[in-house]
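Report on one structure; see the data block that follows.
What follows draws every value from the coordinates through simple rules; no lab data is involved. All figures in this text were calculated on a predicted structure; none of them were measured in a lab. Glycine gets a Cβ as well: all are built from the backbone with ideal geometry, and neighbour counts include every protein chain shown.
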Amino acid sequence: MIPIMRPVMGDAEEAAVLRVLRSGWITQGAEVAAFEEAFAAQVGAPFACAVSSCTTALHLALLVAGVGPGLEVITASHSFIASANAVRYCGADPVFVDIEPHTFNMDPCLLEQAITARTAAILCVHQMGMPCDLEAILAIAARHGLPVIEDAACAAGSEIRWHDRWEPVGRPHGDIACFSFHPRKVISTGEGGMITTARPDWDERFRRLRQHAMSIPDTRRHAANTVSFESYPEVGYNYRMTDIQAALGREQLKRLLDIVRVRRARAARYGALLKTRPELELPHEPTWARSNWQSFCVRLPAGIDQAAVMQGLLDEGIATRRGIMCAHREPAHGVPDRSAALPVSEFAQDRGLLLPLHHTLTDEEQDHVVSALVRACALD
């Protein structure tokens, strides 16, 4: 079987986990702090706060940015359900705007018309690792005094052209960026997430809320020479990352640039192999974006049965995934009255096909994927 993704783990990750197991401290502690410091340095962010997942990162980001009951957050339906769910966690309503047909990211041209007096934030998504048009989105947000939260779940290692230089996604271009370390992502801690920001007050609140809003962290109490008692001034959450996960993350972060380099080479090779098949639309990378190629999504020809193609590939030992889901099609997030039709989002889900792409994918496996895809689509 050629998997859709295979995490890169080795002896260094094993040793890191053993180090933590033997230390006597396995919950959030020194390893988490070291991982946060290393991640912040990697993306060029003043602050990075580790949490249990990107979903919990998004929830805290929205809460701290002021999202609450009766308010709205403009976002993309074309994203994993967590983007919309995090808005609901705050008691707010997601308002969906459609995506660009080539990048499959939020269309800035549709953003301003969705803004109302109830709009509390804009939650944009760097879908499949492809950076969205932050420059346009931030300009609109600035005109309306709205915070911008980047759902960068897939985008560790991606870059954006910013003021004539390349900068990592996660450097605070918007107000907050949220990352995932799920095994489908380019680096993984099993589960886990990270929040980056340039605002020290917001970072401090993330840290309190992730640990039940505890006034004195357990690490400080355990290290103290005098007895102290914590208090809980507001409702918080158990959104902590463990030191075991953070130890994995520190080693994974060392691999990030090499993993992205290999994934970019693999994506380029897919492009070269498939360029003679005009029936298949290939991913588009804008001149101002450098994707980490967390996924390689081709668009199937009209009239082709997506499920039948996926089954054909599976029968040949190749795992695929359908195009990114649309939250507005799910019962939990039926389209609010003010949301417009989302034809491009639905097209992307119905005609998109994610091909295997990972660090250990070989030339022979790629050749097999491409030839099987051609057969499944009956292109010959």
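Under the rule a/c < 1.5 gives rounded, and otherwise a/b versus b/c splits prolate from oblate, where does the stretch 120-223 land using the Cα gyration tensor? Please report the intermediate quantities before stating the final value.
Values: a/c = 2.31, a/b = 1.43, b/c = 1.62.
Verdict is oblate for the stretch 120-223.
When the inverse distances between all different Cα atoms of the stretch 257-376 are averaged and flipped, the Kirkwood radius reads 15.6 angstrom. Of the residues Ala65, Ala139, Ala177, the one that moves most in a GNM of the chain with alpha-carbon contacts below 10 Å is Ala139.
Fewest Cβ neighbours within 10 Å first, please rank Arg118, Arg208 accordingly. Walk me through the numbers on the way to the answer.
Working: Arg118 13, Arg208 17.
Least to most surrounded, the residues fall as Arg118, Arg208.
Scanning residues 5 or more positions from Arg321 or on other chains, those with amide H under 5 Å from its amide H are Leu354, with H placed 1.01 Å from N in the peptide plane. Legend: P(r) of the chain from all alpha carbon pair distances, 20 Å bins from 0, whole percents, reading 28, 56, 15, 1.
Test of understanding: ordering Glu36, Glu281 by Cβ neighbours within 10 Å, fewest first, what list do you get? Kindly include the intermediate steps, with their values, before the conclusion.
Numbers: Glu36 24, Glu281 17.
By the 10 Å Cβ count, ascending: Glu281, Glu36.
Counting every pair of alpha carbons in the stretch 208-324, the share spaced more than 24 Å apart comes to 57 percent.
Taken along its principal axes, the alpha carbon cloud of the stretch 127-172 reaches lengths of 30, 24, 14 Å, longest axis first. Think of the chain as a dipole: +1 on every Lys or Arg Cβ, -1 on every Asp or Glu Cβ, centred on the Cα centre; then among Trp25, Ala327, Ala153, Trp25 lies furthest on the positive end.
Give the shape of the stretch 149-196 as rounded, prolate or oblate, defined through the alpha-carbon gyration tensor: a ≥ b ≥ c are the square roots of its eigenvalues, a/c under 1.5 means rounded, and otherwise the shape is prolate if a/b is larger than b/c and oblate if not. Can you show the working numbers first?
Numbers: a/c = 3.39, a/b = 1.78, b/c = 1.90.
Oblate shape, in that a/c is at least 1.5 and b/c is the bigger or equal ratio.
Among Glu279, Glu37, Glu230, which one shows the highest mean-square fluctuation when the chain is modelled as a Gaussian network with alpha-carbon springs under 10 Å? Maximum among the listed residues: Glu230.
Among Ala12, Ala319, Ala327, the largest mean-square fluctuation in a Gaussian network model of the chain, built with springs joining Cα atoms closer than 10 Å, belongs to Ala12.
Listed by Cβ neighbour count within 10 Å, with the fewest neighbours leading, Leu355, Leu18 appear as Leu18, Leu355.
Each Lys and Arg adds +1 at its Cβ and each Asp and Glu adds -1 at its Cβ; summed about the Cα centre, the stretch 11-254 shows a dipole of about 580 debye. Positive end of the charge dipole of the stretch 11-254 (Lys, Arg +1 and Asp, Glu -1 on Cβ, about the Cα centre): tell me which of Ala114, Ala41, Val125 has its Cα farthest that way. Most positive-ward Cα: Ala41. Percent of C-alpha pairs per 5 Å bin in the stretch 78-144, short distances first: 3, 16, 28, 25, 20, 6, 0.
Taken about its Cα centre, the stretch 151-196 carries a charge dipole of roughly 120 debye when the Cβ of each Lys and Arg holds +1 and the Cβ of each Asp and Glu holds -1. For a paramagnetic label modelled on Val235 (point 7 Å from Cα along Cα→Cβ), amide N atoms under 11 Å away belong, within the stretch 66-103, to 69, 90-91. Overall, the stretch 1-142 carries a charge dipole of about 420 debye about its Cα centre when +1 sits on the Cβ of Lys and Arg and -1 on the Cβ of Asp and Glu, all other atoms neutral.
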